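Values quoted throughout were computed directly from the atomic coordinates according to the rules given, and no laboratory measurement underlies them. These numbers come from a predicted model, not from an experiment. Cβ coordinates were reconstructed from backbone atoms using ideal geometry, including for glycine residues, and neighbour counts include every protein chain displayed.
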Amino acid sequence: MRNVVGVSGYFSPMPEPGEAEVEVRRSRRRKRTVSAYRRNGKVIVMIPDRFTRAEEAEWVNTMLDRLDRSEQRRRRTDDQLMLRARELCGDCLEDKVEPTSVRWVANMTTRWGSCTTTTGEIRLSDRLQPMPAWVVDYVLLHELAHLLEPSHNKRFWHWVDRYPKAERAKGYLAGVAHAAALDLEPCSETE
Ligand SMILES: [Zn+2]
C-alpha cells in the first residue's frame, strides 16, 4: 500500500516530493459512490460520510491508483494525436503545415490548446480528453491553422471553418466553460 499523505490529518501533513497532496471530502448525500479528481495540484477524493477511517484509507489508495492508471492511458495517446493532426492537415489545410510535435498537457487552465508558431509545437489541454472526438478535432485544427495564420483574422477562420463541425464545437466549448464557471461537481464514479 502506498504512503498517502495529508488525508484528513491522519497521515503526514506534508506531501513527499512527487507525491500529490490528498484532500478527502466526506458527503452525507453520498451512499456508495467514491470519486477522485485533480484540482490545483491536489487530489480531491469524495467519499460517503459513513466510511470508517480504515475504509477511507483503503479507498484513497484505490482511487490514487486508478487516477494514475487512467493518466498513463491518456499519455499513450500523444502519438494518436499526431496522426489525427496529419489527417486534419490533409482534410482542411491542404497539407500546408506540418506540426513538429502534438501532445496533451495538464495544468492548462485558461486555454484549450496552444501552439508555438516558430517551432510548430502544439499542446492540447487534457481537460479535452473526456469530450467528443469532433470537439478535440476542432481544437487541434484551430491550433494547426495558427501555424498558417498566427492571429484570429479572416484568413484564419476561413481555414478553421472548413472543418464541418467547427461551429458546433465552438458552441460546445463555450457551454463547458460556462458550466465550469458555475463550479459544478464532476461526475462521480459508482462502485
Ligand atoms: Zn486561436
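Of note:
- In order along region 120-135, phi translates into HN-Hα couplings of x, 8, 10, 10, 10, 5, 5, 6, 7, 4, x, 7, x, 4, 5, 6 Hz, rounded to whole numbers, per the Karplus curve 6.51 cos²θ - 1.76 cosθ + 1.60 with θ = phi - 60° and x for Gly and Pro.
- Estimated from the Cβ-Cβ distance and a Förster radius of 30 angstrom, the FRET efficiency linking M131 and K31 is about 0.55.
- Think of each Lys and Arg Cβ as +1 and each Asp and Glu Cβ as -1; about the Cα centre, that makes the dipole of region 19-146 roughly 1000 debye.
- Contour minus Cα-Cα distance for A179 and R86 (0.36 nm per residue): 30.3 nm
- Anchor K165: lysines whose Cα lies under 29 Å away (excluding residues fewer than 8 positions away in-chain): K96, K154
- Residues whose amide H lies under 5 Å from that of V105, counting only those 5 or more places away or on a different chain, are L124, S125, D126; hydrogens are built 1.01 Å from N in the peptide plane.
- Residues of region 135-154 with an amide N closer than 13 Å to a point placed 7 Å from the Cα of K96 along the Cα-to-Cβ direction: 144-151, 153-154.
- Residue among P132, H158, H146 farthest towards the positive dipole end of region 127-187, charges placed on Cβ: H158
- For K42, a cut-off of 22 angstrom between C-alpha atoms picks up no lysines at all, skipping any fewer than 8 places away in its own chain.
- DSSP-assigned coil residues among GluC sites (Glu not before Pro) in region 18-47, each with at most 16 further Cβ atoms within 10 Å: E19
- At full extension, T52 and D161 could sit 33.8 nm farther apart than now, given 0.36 nm per residue minus the alpha carbon distance.
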